[in-house]
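Contents: one structure, followed by commentary.
The values are calculated or read from the model by the stated rules, or taken from the named source; none is laboratory data. In this text the structure is predicted, and so the values were computed from the model without any measurement. Note: ideal-geometry Cβ built from the backbone for every residue, glycine included; neighbour counts use all protein chains shown.
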Amino acid sequence: MAAVKLIWQCMFSPRLYKVYDDRRADALYEAGHLERWGDQLFVMWNISLYTSPILATVLYRRGYFVFDGIVTIAKFLTGVGLILAASYCLRSLGRANNPTYISFLNSLNAAKKDLNRDTKRALSRYDFEFYAWPIEFKWSDIEGDETKHRLYVDRPSPRRTAMEWLFAMPCQIVSYVVAHTFGLRLVYPGSISMLQYVMAPILLQGRIKLVNESQAERFKLRTRDGNQVDTMFVDRRNKHANGSTLVICSEGNAGFYEIGIMVTPLEAGYSVLGWNHPGFGGSSGMPYPDQELNAIDIVMQFAINRLNFQPENILLFGWSIGGYPTSWAAMNYPDVKGVILDATFDDIVALAILRMPSSLEPLVRKTIRDYINLNNYQQLSKYSGPLLLIRRTEDEVICTEEMKLSSNRGNNLLVKLLKYRYPKIFDDEGVVLLNTWLAADINQQSVFWSKYDIDEDLCTSTLVSYITEHSNSYPSMVGEGFTQDMKAQMVLFLAHKYMIDFRSTHCTPLPANLFRLPWELSSELEYVKFYTFLLRKLKQWNLVKTVVNDLEK
């Protein structure tokens, strides 16, 4: 009876990929013949599902969708069902007779029954299908902060009469169908199941590398909308100088934490938390904006409440489309240490229109605005903390014109942010100068820097003086009454502080030497305060010496 129960349990248990205490660090789990045959039959079944629309079209053209043809198809499907059932049985028998798999199954059952430090340690020895991993942190675990009001950027909704709504209904239906069929997958190709199937071995090797070389630990989180988020955490506290700071990495539209941007902050010695978008890797759901934001929200709560990193020790790092959840997290957690955005954009509409026929522009614009409204600038404008933009000078994805630096949408993001934060400095003339600076290469920028004779100390002290007398909030009115030459100096100074260039294409990993904390004026303010205090004390000391000398005389 126990054997039958075990075989039945093995029939629906997860697939095992890797045992981490193998003698060879790169060795994978070796399935027996029966289990391997069963898995191969499942692979064939999955491939047939993806090709079924093509097969159905061929059968229809050959006249099989009549009574006699349907009988033939029914017999064929019955045979396929029997083969599928046989594959379940073969795989189950193979697993039940494999000691390694039984050991894994016992660890999994123990963790599901009572997840604690010991059962988690035992389960972490295995890499397997993530759907079976027990939930370790969920929305209901948050005490107090779950009721905190979240900020969202609302999409524009023009007022219409009933007749206008009626005439717009066909377009509304079409845009909904486009967004919920192929539209979202074009924006997030990493959510395509076939692509993930092809990349599965590469992702597995990426996880193995993180565990073996960085002692990474995997966690499963549950969002408020019920999705499961696949995360990987590397703890560098008390091990590296930067280890007390946690970097939360948000990947691009075809990026996964296993092979993504985590490598950069890891090389720089930071603690790192990576996560996969909904529908990517082990994360469930689909990367619609609301699911994306719920995912980054639970990741932030996990970092604060479970990993015990305070917001002021959390650095947000987003690459490409990962700038969207990163900017939302910055808007809702304004006390974070800083935000670094690499190769990102201001608004996805311009990029989406570029890659579709011009005749479809109205439909593309409506679909994006209604269902995939990724507007990084609107969210970042509600964040007043330290920020660094990294621009790829040979970016083939974020540019709207090939090999034209001035068309990089990162430029638009910088212009909008600086114009919002410093409206008196970035007036019409200031914006023209900034755009000229952004269109220039590194040699031309050096000429600009020398031409305007930028004095960084003077620019810094000017900003510090304004903050001391007024406030550090945005929009800042600093620059009111400045001469045009002083404004020009401030334009180039601020552009230099807020953005750095990386001579690279879109997907090249960011070198660790370019991963640096964003410029923060408050740190300059503390230095100036200390310097002023020191000067005052020195003056007082000199005055005392003068009085003493006079008395002695």
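Points worth noting:
- Screening GLU251 against (1) touching a Gly at 6+ places or on another chain (Cβ under 6 Å); (2) among the acidic types (Asp, Glu); (3) without any contact (Cβ under 8 Å) to a residue 60 or more places away in the chain leaves a single unmet condition, (3).
- Condition check for LEU203 on (1) among the aliphatic types (A, V, I, L, M); (2) under 24 Å from ASN313 (Cβ atoms); (3) part of a helix (DSSP H, G or I): one failure, at (2).
- Pairs where the first residue, in segment 178-197, is in a helix (DSSP H, G or I) and the second is small (Gly, Ala, Ser), C-beta under 6 Å, 6+ apart: ARG185/SER191; PRO189/ALA254; GLY190/ALA254; SER191/GLY279
- Qualifying residue in segment 225-236 (condition: under 18 Å from GLU292 (Cβ atoms) and surrounded by fewer than 17 Cβ atoms within 10 Å (Cβ to Cβ)): yes
- Taken over segment 371-392, the criterion of being in contact with a helix residue (DSSP H, G or I) (Cβ under 6 Å, 6 or more places away or on another chain) and surrounded by fewer than 18 Cβ atoms within 10 Å (Cβ to Cβ) is satisfied by LYS382 alone.
Here's the yes/no breakdown for (1) surrounded by fewer than 20 Cβ atoms within 10 Å (Cβ to Cβ); (2) assigned by TED's automatic domain parsing to the domain that holds GLY226; (3) β-branched (Val, Ile, Thr):
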position: ILE259; (1), (2), (3): yes, no, yes
position: LEU273; (1), (2), (3): no, no, no
position: SER283; (1), (2), (3): no, yes, no
position: ARG306; (1), (2), (3): yes, no, no
position: TRP319; (1), (2), (3): no, no, no
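- Taken over segment 91-103, the criterion of being surrounded by 20 or more Cβ atoms within 10 Å (Cβ to Cβ) and out of contact with any Ser or Thr (no Cβ under 9 Å at 6 or more places or on another chain) is satisfied by ARG91, GLY94, ALA96, ASN98.
- Qualifying helices (runs of 4 or more DSSP H) (wholly inside segment 291-400; at least 3 residues being over 18 Å from the mean Cα position of the chain (by Cα)): 348-354, 361-371
- Complete set of residues in segment 401-449 that are part of a loop (DSSP other than H, G, I, E, B) and of a type outside the set (Val, Ile, Thr): GLU401, GLU402, MET403, LYS404, TYR422, PRO423, LYS424, PHE426, ASP427, ALA440, ASP441
- Test result for LEU418, of a type outside the set (Asp, Glu), at pLDDT 95 or above, buried (at least 18 other Cβ atoms within 10 Å of the Cβ) and in contact with a Gly (Cβ under 7 Å, 6 or more places away or on another chain): no
- The single condition among (1) over 20 Å from the mean Cα position of the chain (by Cα); (2) closer than 27 Å to PRO325 by Cα; (3) surrounded by 19 or more Cβ atoms within 10 Å (Cβ to Cβ) that PRO423 does not meet is (3).
- Those residues of segment 467-503 which are in a helix (DSSP H, G or I) and more than 28 Å from ASN408 (Cα to Cα), in sequence order: ILE467, THR468, GLU469
- Of all residues in segment 127-150 being farther than 17 Å from PHE12 by Cβ and hydroxyl-bearing (Ser, Thr, Tyr), the one that is modelled with the lowest pLDDT: THR147
- Residues in segment 450-465 that are outside any loop (DSSP other than H, G, I, E, B) and in contact with a Phe, Trp or Tyr (Cβ under 7 Å, 6 or more places away or on another chain): GLU456, CYS459.
- Taken over segment 446-478, the residue count meeting the criterion of being crowded, with 17+ Cβ neighbours inside 10 Å, within 25 Å of ILE390 (Cβ to Cβ) and of a type in the set (S, T, N, Q) is 2.
- Residue within segment 83-90 that is among the hydroxyl-bearing types (Ser, Thr, Tyr) and in contact with a strand residue (DSSP E or B) (Cβ under 9 Å, 6 or more places away or on another chain) present: no
- Contacts under 8 angstrom Cβ, first residue in segment 275-298 being β-branched (Val, Ile, Thr), partner assigned to a loop (DSSP other than H, G, I, E, B), 6 or more apart: ILE298/THR223; ILE298/ARG224
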